[in-house]
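What follows is a short report on a single structure.
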């Protein structure tokens, strides 16, 4: 089956669920869905396929209570979103889906567990995997995607790899020993180091690397040494500006600080691992209010971490003092994927280009 | 500098430390080393390089106390090991180094923190990074390395990648959506799914994939769906036996079970994700005694998990009952990298070939 046929089939299966509700109502029934009971008691061994699957127990969800009606409403919204996503050949992360529901009023999800669970229900109802709906989890593993040609001396010989043309969608994974790596050629204007795999995949899907000449580096949380060393070398040897894009909370600012200034534990390596010229692009506390981003309340630990950053020499600049004090006043934090609440293109069409031109990089 | 020159320089720098002790003794001094004090108080900003580095405070470690003498002894053993490793063009993980010290009598490390710390000391003393000593951390991110040609339909076009010839040492990273993946060709006899990145790198370095026609899959702990789906498809579509190689503890047996039988949470996907033909290769509880592996005492949680597995239908076979009861008697568990205590080649030259022929796979 071609990718296009697979997408058409997924769309059809999803819309089929909504058609069922329509038929139920036309027949004078309160709309409902049936799903197998998802407990240990309802797991059975299937001799033929030799795997454990759900047994015959089913539970019914009918719109005759407010709670269940809202559940079906949420499912309808998700089906609508996925149908559109499939039609446009787009994809999104489970986290982005959760944020997208911000705009769905009463159909807004309370937590990501709830939207994840609903996607599993849709998998059962359609007999398809979530990948067929173009939904992906967060990726892990530091990786590079962008207009960069590298040469890696491996134990099996020398490999030349272009980080757009010779790699799959997971990109080029950074090896442990980056001293075996040479940067041969590039067609880039800057490097953007990204905290989460979800945002890295977003920028790749939106073609941000091609449009702006960006080398995307997936930090995958607190970056490994090899990743920090790659950033340093891209900055130093290739003379490329490096910007760091993280969540807007005190723990993420430390990710930026470890890229830019190094850490206490590996201070003996700072001159090799740190990229002092690296700039923080966001999420800035001021962005949370400027863009009205979905946010969470700061916890006590968050507040303590922010206060400790106010006395950390690595954050002793006017910029950081202002941003940190602003955040302590607002008492809010936002994740980078929260931009999805303004549409999947907002981050690449509006937010990042604005920030990059403010910073004088593009 | 060529790889060979870099290795020679690292060897020289390491041996230079031991030469220092020799000179001290010849001059009638008790041997010692000096290191910068590694605390927050001794971190200074370097205006020139714009990074934070250690200041001038130093602490001295002299062999005039038993504790410090043993510390220097450990350092001497590590230097000896690294010197040999560099001479042979080998490498190892920080975890393996810790296990290798099993044979060093009083120079044996109490915990991996201690050996990691000693490596950092050597970095400071030699002004080199641990990569120069051919030491690597655990890798993360599920990946494939082996005689397998894949075709991935990416958003940027179709990519054909041979998982030995067109990838770096981190291998081919498994994308989130493996339905975009086709297996084009292979020259393999079986697939080995490996729990830890350290063991995956060990098999790659030892050429196990080439010698035995093995496709190596790095599970990276509890495997993601995409990884389980790849294993299923390699087994089903390519008709390749799949073996699972994990640590020897109850949590790792669950990794095997999730590959072979699926999990309760995704039971609706078992037929797509589970590989019922997958066989467990080890570490078996019986291996711990047969090979006298370095081991740890079972915790209360381990014992409870093993007991719960005795009533889990997925482990209701004679083989598993015997192994689990044996482990409950021995009260011990071992990690897969513990084989390093018998030399870096033991796992690929002895253990795995023996098990594979026992299991009828080679």
Length gained when the stretch residue B:47-residue B:102 is fully extended (0.36 nm per residue, less Cα-Cα span): 15.4 nm
For the stretch B:103-158, Kirkwood radius (reciprocal of mean inverse C-alpha pair distance, Å): 15.4 Å
Equivalent-ellipsoid semi-axes of the stretch A:162-245, from the Cα gyration tensor, Å, largest first: 18, 15, 13
Chain B: angle of helix B:300-310 to the longest principal axis, Cα-based, in degrees nearest 10: 20 degrees
Normalised per residue, the volume of the convex hull around the Cα set of chain A (Å³): 192 Å³
Volume of the Cα convex hull of the stretch A:3-136, divided per residue and given in Å³: 138 Å³
Over the protein assembly as shown: helical MRE at 222 nm, DSSP H runs n ≥ 4 each giving -39500 (n - 2.57), nearest 500: -12500 deg cm²/dmol
Calculated FRET efficiency for the pair residue A:23/residue B:237, C-beta based, R₀ 30 Å, to 0.05: 0.20
Within a Gaussian network of chain A (alpha carbon springs, distance under 10 Å), most fluctuating of A:174, A:70, A:288: A:70
Part-to-part distance (alpha-carbon centres) for the stretch A:274-340 and the stretch B:254-329, which is given in Å: 45 Å
Residue-span extension gain [residue A:222 to residue A:308] - 0.36 nm each, minus C-alpha spacing: 29.1 nm
Chain A: angle of helix A:225-236 to the longest principal axis, Cα-based, in degrees nearest 10: 60 degrees
Inter-copy label distances at residue B:211 (7 Å, Cα→Cβ; nm, one decimal): 5.2
Other copies of residue B:326: label-to-label distances in nm, shortest first, labels 7 Å along the beta-carbon direction: 6.3
The stretch B:271-328: equivalent-ellipsoid semi-axes (sqrt of 5 x gyration tensor eigenvalues, Cα, Å): 22, 15, 11
Estimated FRET transfer efficiency when R0 is 25 angstrom, pair residue B:277-residue B:354 (beta carbons, to 0.05): 0.75
With Cα atoms, 0 to 90° folded angle of helix B:112-126 axis to chain B main axis: 50 degrees
Diffusion constant of the protein assembly as shown at 25 °C, which comes from Stokes-Einstein with the Kirkwood Cα-pair radius and 0.890 mPa s, µm²/s: 88 µm²/s
Rg/Rh ratio calculated on Cα atoms of the stretch B:143-358 (Kirkwood radius): 0.97
Peptides B:77-84, A:307-314 ordered by average Cβ neighbours within 10 Å, highest first: B:77-84, A:307-314
Label geometry 7 Å along the beta-carbon vector: residue B:28 inter-copy distances in nm: 11.4
All-pairs Cα distance distribution in the stretch A:203-254, expressed in whole percent, bin size 10 Å: 21, 49, 30, 1
Order of A:227, B:299 under a 10 Å beta carbon neighbour criterion, fewest first: B:299, A:227
Calculated FRET efficiency for the pair residue A:84/residue B:292, C-beta based, R₀ 51 Å, to 0.05: 0.25
For the stretch A:189-226 versus the stretch B:158-202, the gap between their alpha-carbon centres in whole angstrom: 23 Å
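FYI, it's all coordinate maths here, none of it is from the lab. This is a predicted model, so every value here is computed, not measured. Glycine gets a Cβ as well: all are built from the backbone with ideal geometry, and neighbour counts include every protein chain shown.
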